[in-house]
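A.B. asks: Before I ask anything, here is the structure I am working with.
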Amino acid sequence: MSIPEQKFLWPVNGRVISPFGQTVGGGRNDGINISAKVGTPVHAADAGTVTYVGNELRGYGNLVLIQHDNGYVTAYAHAERIDVQRGDRVARGQVIGSAGETGDVTEPQLHFELRLGTRPVDPTPYLVASK
């Protein structure tokens, strides 16, 4: 497997509690779930434009979507607080909200997705620690 050239920052510090792909119950996780205390700052994985802020998508709770200039979209779900609005331009590493326990989760966390267009991609090999 080749290492992707594009790199994104980890959006939150924490342990992955649910990896990308097939789940134990036969479902599918289109991202990764990262354990984080309620209120932990969530950072934009890369610079981009906020295209969605809301809680209308079932199960995701408070959700932010960011469109990046390279065709990727990142999603940040289960937020306790959201600090950005639709149309905002965000910088790589900028705090966009805080982790929470909204939507269909039973413990505080961040659900993070990486999509190329509309296709979900395992974000793990693309993530690097922030400096």
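A.B. asks: Looking only at residues in the range 85-120 that are among the aliphatic types (A, V, I, L, M) and buried (at least 19 other Cβ atoms within 10 Å of the Cβ), which one is farthest from Asn70 (Cα to Cα)?
C.D. replies: Val105
A.B. asks: Take Arg15 and tell me if it is within 17 Å of Ser130 (Cβ to Cβ) and either open to solvent by less than 60 Å² (accessible area, probe 1.4 Å) or among the charged types (D, E, K, R) (or both).
C.D. replies: Spelling it out, Arg15 is indeed within 17 Å of Ser130 (Cβ to Cβ) and either open to solvent by less than 60 Å² (accessible area, probe 1.4 Å) or among the charged types (D, E, K, R) (or both).
A.B. asks: So in the range 18-46, with the set limited to residues that are more than 13 Å from the chain's Cα centre (by Cα) and β-branched (Val, Ile, Thr), which one is most open to solvent (accessible area, probe 1.4 Å)?
C.D. replies: The residue in question is Val24.
A.B. asks: Which residues, counting only those in the range 93-128, are among the small types (Gly, Ala, Ser) and either part of a strand (DSSP E or B) or over 15 Å from Asp30 (Cα atoms) (or both)?
C.D. replies: Correct list: Gly93, Gly97, Ser98, Ala99, Gly100, Gly103.
A.B. asks: Go through the range 13-46 and report how many residues are out of contact with any His (no Cβ under 7 Å at 6 or more places or on another chain), in a loop (DSSP other than H, G, I, E, B) and under 17 Å from Leu65 (Cβ atoms).
C.D. replies: Of the residues in that region, 3 qualify.
A.B. asks: Looking only at the range 57-78, count every residue that is at pLDDT 95 or above and not in a strand (DSSP E or B) and tell me the total.
C.D. replies: 3
A.B. asks: Could you give me the residue pairs with C-beta distances under 9 Å whose first residue belongs to the range 63-86 and is farther than 17 Å from Asp30 by Cα, whose second residue is among the acidic types (Asp, Glu) wherever it lies, and which are 6+ apart or on separate chains?
C.D. replies: His68/Asp46; Asp69/Asp46; Asn70/Asp46; Glu80/Glu101
The values are calculated or read from the model by the stated rules, or taken from the named source; none is laboratory data. These numbers come from a predicted model, not from an experiment. Note that each Cβ is placed from the backbone with ideal geometry, even for glycine, and that neighbours are counted across all protein chains shown. SASA here: full protein model, heavy atoms, side chains in, ligands and nucleic acids out. Shrake-Rupley method; radii C 1.70, N 1.55, O 1.52, S 1.80 Å.
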